[in-house]
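One structure is given below, encoded as structure tokens.
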There are 2 protein chains.
Amino acid sequence: MSCEFTADVLDPANPDRASRRLLGDWLAFQRAFGLKPEAAAELLREYRHPAGALAVSGVPESFDRNREIAALLRTGAVAVPLRSAAYPARLAGISDPAALLVVRGDVRALSETSVAIVGARAATVYGKQTARSLAADLARAGVVIVSGLARGIDAEAHWGALEAGGRTIAVQACGIDRVYPSEHRALADRIAASGAVVTELPLGEPPLRPYFPLRNRLISGLSTAVVIVEARERSGSLITANHAANQGRDVFAVPGPLTAPTSVGTNRLIRDGAYVVLGPDEICSELGLTREPLARPQVACELSALAVEILGALVDAPASRDELARRLGREPAEFALELVELEFANRIAEDRDGRLKIASRLR
Amino acid sequence: MSCEFTADVLDPANPDRASRRLLGDWLAFQRAFGLKPEAAAELLREYRHPAGALAVSGVPESFDRNREIAALLRTGAVAVPLRSAAYPARLAGISDPAALLVVRGDVRALSETSVAIVGARAATVYGKQTARSLAADLARAGVVIVSGLARGIDAEAHWGALEAGGRTIAVQACGIDRVYPSEHRALADRIAASGAVVTELPLGEPPLRPYFPLRNRLISGLSTAVVIVEARERSGSLITANHAANQGRDVFAVPGPLTAPTSVGTNRLIRDGAYVVLGPDEICSELGLTREPLARPQVACELSALAVEILGALVDAPASRDELARRLGREPAEFALELVELEFANRIAEDRDGRLKIASRLR
């Protein structure tokens, strides 16, 4: 019995009878207790085997072991039971680990040094570029990037890791046979090809609202540290930050303008004690990772035609705003926003007389 | 003698012989030791009177008491000796207070609850608007705003306080008969009309480079707390922050994008333990000031013609970036920067399908 309980990855393609039986027990147990992780953990402590717990509670009525195993086989996923050798130790250490992880991709990715990068769905360009750039830099340092496959920051974090040739893990709030949002299906497939797509939810489960905060505890539970890139005042990312703090994970937050609603949550996290992210180096040194110090992420800001015009007009000599307007043949209000962007991107600066000039990039 | 030493404000317009003699002694002492505040403080502890110290060191050769008093009279300033009743107690408590403060305006302003707001000369629009808005909100709560009269953040802080009908103090790095930069002469006069312009430097002294870090210790020394709004990697504002910390003042820093060179210094200050400024309320509550809670400062962002066009194109229905380009008859790259600004200003947002929509302002 104890040998079964510590069985490794349960693969629906494995024809071995005992293995199929054990997988069937686990899938039934997941169907019965998958949404009550604390009750599940307690039952498993008591009965030491899913079949024991099921004998007490009864198997869900409509549950058909063979149909379920066949359905899992079609998704290409495997199942990793709690306390099996393949179950990620970090996640096993939280108070409410998933009883059964369903994993599409490489199970070993779940046990590597990893950093969660999460944030607002409705993110700003600054937030998205920062998420992508942090993910890429950390991935290059060998860190696995964990996120939630959502629109906005999450998707950028996954893409950043992939583009850097690194590995990434998506934790879903629905069954492994579904992808939410559906337009991220291709992204999910790319993630699974080198990293992993993970869920604790049974097959077919839709992405219901209450699943998201539960899912968030797995994002932080799987990770060595958590980075919140952008978060509004009331935001799911703050729930992840909370889980992370309770689980003893380092919480990092990316600072932003106090006038940006998307930075209210992150700036508050910093006030409340989160590490402030200045760049990938801080995260690595906090995690004890050695890596070549990188320059701060340079946002590859695509310049608008107007911004290029402005730079062109300042190349030969600095100009006051009025003088610049004359050179461009435009009203100052027409290019005021471009000036802000060019300033933030350190492309232009004011000289001692308040005139605009091309910024020296040799700092 | 001790009565002279604790004399109050020394006014060059006061015809009283003893007062003129004392003022002359102090001005001579300032000329001899004004740039060595620690030596000056030690001499004053030892000799308990400027004349005593001067008897040892000798009066500077070219020094003419009557000419100096007449010159001070022309500036409209008065002199406030260390340990006089009018000398601000907070400043007297630091290790290297000014031996003699030369003050144009209301000496009492130096002893009120005050917050220094300082930062980069080459500041961004975000930084300038934040400085102005914080200064205005704090001034409305009765706080005196201290700054350095420099271009950029400093000037915005002074103007913010003045526009709110509050009081502000400018600490100069040159003699009281000069204004640096010279285009801030009108601002300096407005500051002196309700608050004060202050220096420890003798008449006629130009704004030499080494005076600025010395001046910065007075900015923090005069203040209950110090707010750094924007600061580059190596910045004079960081010297002020250092002075402030050594003097036991609360240090606040305004967060900004990690991609903005003007926020590198402030974000680092936050990492190193400075309070993160989320709005004026945090500063007030930290200082134990009661005030009506204000909304976070809304940057009154002037919209460009193109930004107005964008909002107009989105009023009736959300649109993808491509659809928006069609509606505007423009290339997406032409208005990408406007979209960033409109996002940061919370005027537009992405809906669940990634389409741009007018942001609900009812958060």
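The values are calculated or read from the model by the stated rules, or taken from the named source; none is laboratory data. For clarity, every value in this text was computed on a predicted model and none was experimentally measured. Every residue, glycine as well, gets a Cβ built from its backbone with ideal geometry; the counts of neighbours run over all protein chains shown.
Might you let me know whether the stretch B:199-208 holds any residue that is part of a helix (DSSP H, G or I) and surrounded by fewer than 19 Cβ atoms within 10 Å (Cβ to Cβ)? No - not one qualifying residue is present in the stretch B:199-208.
Does residue A:21 satisfy the criteria of being among the basic types (Lys, Arg) and touching an Asp or Glu at 6+ places or on another chain (Cβ under 8 Å)? In short, no. Within the stretch A:46-68, can one find any residue that is under 24 Å from residue A:150 (Cβ atoms) and of a type outside the set (Gly, Ala, Ser)? Among the residues of the stretch A:46-68, not one is under 24 Å from residue A:150 (Cβ atoms) and of a type outside the set (Gly, Ala, Ser), which makes the answer no.
Answer yes or no: is there a residue in the stretch A:231-239 that is closer than 21 Å to residue A:97 by Cα and at pLDDT 95 or above. Checked the stretch A:231-239: no residue is closer than 21 Å to residue A:97 by Cα and at pLDDT 95 or above. The set of residues in the stretch B:253-290 being in a loop (DSSP other than H, G, I, E, B), in contact (Cβ under 8 Å) with a residue 24 or more places away in the chain and away from chain A (no Cβ under 11 Å) consists of B:287, B:289. Note on the stretch A:244-273: residues that are surrounded by fewer than 24 Cβ atoms within 10 Å (Cβ to Cβ) and within 18 Å of residue A:219 (Cα to Cα) amount to 7.
Take the conditions modelled with pLDDT of 95 or more, of a type in the set (A, V, I, L, M, F, W, C) and closer than 18 Å to residue A:121 by Cβ and apply them to residue A:169. Does it pass?
Spelling it out, it is not the case that residue A:169 is modelled with pLDDT of 95 or more, of a type in the set (A, V, I, L, M, F, W, C) and closer than 18 Å to residue A:121 by Cβ.
Please verify whether residue B:150 is within 14 Å of another protein chain (Cβ to nearest Cβ), within 24 Å of residue B:100 (Cβ to Cβ) and of a type in the set (A, V, I, L, M, F, W, C), treating the condition exactly as stated. Here the answer is yes, as residue B:150 does meet what is asked. Restricted to the stretch A:125-165, and to residues there that are of a type in the set (Lys, Arg) and under 17 Å from residue B:259 (Cα atoms), the residue that is surrounded by the fewest Cβ atoms within 10 Å (Cβ to Cβ) is A:128. On the stretch given as the stretch B:166-194, residues that are in contact with a helix residue (DSSP H, G or I) (Cβ under 8 Å, 6 or more places away or on another chain), assigned to a helix (DSSP H, G or I) and surrounded by fewer than 23 Cβ atoms within 10 Å (Cβ to Cβ) total 4.
Working carefully through the options B:305, B:345, B:300, find the one that is within 29 Å of residue B:140 (Cα to Cα), surrounded by fewer than 16 Cβ atoms within 10 Å (Cβ to Cβ) and modelled with pLDDT under 85.
Details: B:305 fails: within 29 Å of residue B:140 (Cα to Cα); B:345 fails: surrounded by fewer than 16 Cβ atoms within 10 Å (Cβ to Cβ).
Going through B:305, B:345, B:300 in turn, just one is within 29 Å of residue B:140 (Cα to Cα), surrounded by fewer than 16 Cβ atoms within 10 Å (Cβ to Cβ) and modelled with pLDDT under 85: B:300.
Residues checked against (1) touching a Lys or Arg at 6+ places or on another chain (Cβ under 9 Å); (2) among the aliphatic types (A, V, I, L, M):
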{"position": "A:87", "(1), (2)": "no, no"}
{"position": "A:91", "(1), (2)": "no, yes"}
{"position": "A:131", "(1), (2)": "no, yes"}
{"position": "A:140", "(1), (2)": "yes, no"}
{"position": "A:146", "(1), (2)": "no, yes"}
{"position": "A:149", "(1), (2)": "no, yes"}
{"position": "A:167", "(1), (2)": "no, no"}
{"position": "A:177", "(1), (2)": "yes, no"}
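So that you can scan it fast, the table gives a plain yes or no per residue for (1) polar (S, T, N, Q); (2) within 14 Å of chain B (Cβ to nearest Cβ):
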{"position": "A:92", "(1), (2)": "no, no"}
{"position": "A:103", "(1), (2)": "no, no"}
{"position": "A:107", "(1), (2)": "no, no"}
{"position": "A:127", "(1), (2)": "no, yes"}
{"position": "A:133", "(1), (2)": "yes, yes"}
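Yes or no: residue B:135 within 16 Å of the chain's Cα centre (by Cα) and of a type outside the set (Lys, Arg)? Quick ask: steps written out before the conclusion?
Values: within 16 Å of the chain's Cα centre (by Cα): yes; of a type outside the set (Lys, Arg): yes.
Yes.
Of the residues in the stretch B:209-252, how many are part of a loop (DSSP other than H, G, I, E, B), more than 14 Å from every other protein chain (Cβ to nearest Cβ) and touching a helix residue (DSSP H, G or I) at 6+ places or on another chain (Cβ under 9 Å)? Result for the stretch B:209-252: 5.
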